[in-house]
Amino acid sequence: MKRFWEKVNITGLYSCWEWQACTNKGGYGVFQIAGKPLSAHRVAYVLTYGRIPYLFHIHHKCHNILCMNPLHLKAISSSDHNTEHKKRDVCLNGHQRTPDNVYSDRGCKQCMKQRHIERKRKTAFEDRV
């Protein structure tokens with residue numbers, strides 16, 4: 001699909017190929033097909049390897065969420081995906097994973113605090129409108 005790959009900065013074979021178009025709140029690339037927004041890295045996987053197994057996640061082996069290089073993408077189960085993310089020294093937003101900053105099962109305290117602040121701000125705005 002030419003339209004998809006035009007939005008990717010394809011560099012060397014083994015380099016990260018970064019998404020150059022829209023992203024979602026989490027920083028992941030978004031690509032629309034027939035008006036439906038899809039995760040760009042999942043589209044890259046499907047275009048290269050075919051169907052994603054049921055209930056599988058597409059894992060960025062390079063840990064770069066904007067990377068679309070098929071060599072850096074791997075279909076893995078949800079539990080394996082969670083295990084991979086827990087191995088990292090930082091959360092997806094770059095906060096250090098330290099005992100003081102990580103909930104045992106829910107992730108980064110700084111990210112959860114920021115989401116809470118954003119929810120309160122959004123609710124306050126909606127109450128004024």
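As a proxy for reagent exposure, ranking Asp89, Asp80 by other Cβ atoms within 10 Å from fewest up yields Asp89, Asp80. When the Cα gyration tensor is reduced to axis lengths a ≥ b ≥ c, the ratio a/c is 1.5 or higher for the chain, and with a/b not above b/c it is classed as oblate. Normalising the average separation of contacting C-alpha pairs (under 8 angstrom, six or more residues apart) by the number of residues puts the relative contact order of the stretch 1-87 at 26 percent.
With the simple spin-label model, which puts each label point 7 Å out from Cα in the Cβ direction, the Lys61 to Trp5 separation comes to 2.0 nm. With a simple spin-label model that places each label point 7 Å from the Cα along the Cα-to-Cβ direction, the separation between Thr83 and Leu13 comes to 3.1 nm. When each of Val30, Val43 is scored by the number of other beta-carbon atoms lying within 10 Å, the sequence from fewest to most is Val30, Val43.
The Cys residues in the chain with no partner Cys Cβ within less than 4.7 Å of their Cβ are Cys22, Cys62. Charging the Cβ of each Asp and Glu at -1 and of each Lys and Arg at +1, and nothing else, the dipole of the chain about its Cα centre rounds to 280 debye. Taking other Cβ atoms within 10 Å as a rough exposure proxy, Met1, Met68 sort from fewest to most as Met1, Met68.
For the chain, what is the mean residue ellipticity at 222 nm derived from helices alone (per DSSP H run of n ≥ 4: -39500 (n - 2.57); sum divided by total residues; nearest 500 deg cm²/dmol)? All intermediate terms of the calculation are to be shown ahead of the outcome.
Numbers: 4 runs with 44 residues, N = 129.
The helix-only estimate for the chain comes to -10500 deg cm²/dmol at 222 nm.
Annotation: amide H of Gln32 within the under-5 Å range of Leu38, sequence separation 5 or more or interchain, hydrogens built in the peptide plane.
Label sites at Ala21 and Tyr103, each approximated as a point 7 angstrom past Cα along Cα to Cβ, lie 3.4 nm apart. Here's the picture: charge each Lys and Arg Cβ at +1 and each Asp and Glu Cβ at -1 in the stretch 1-87, and of Leu73, Ala40, Cys16 the one pushed furthest to the positive end of that dipole is Ala40.
Here Ala34 and His116 are evaluated by their C-beta separation; at R0 = 25 Å the FRET efficiency comes out at 0.10.
Read-outs throughout are calculated quantities, based only on the coordinates presented, and are distinct from any laboratory measurement. Keep in mind that this is a model prediction, so the values were computed, not measured. Every residue, glycine among them, receives a Cβ derived from its backbone with ideal geometry; neighbour counts consider all protein chains shown.
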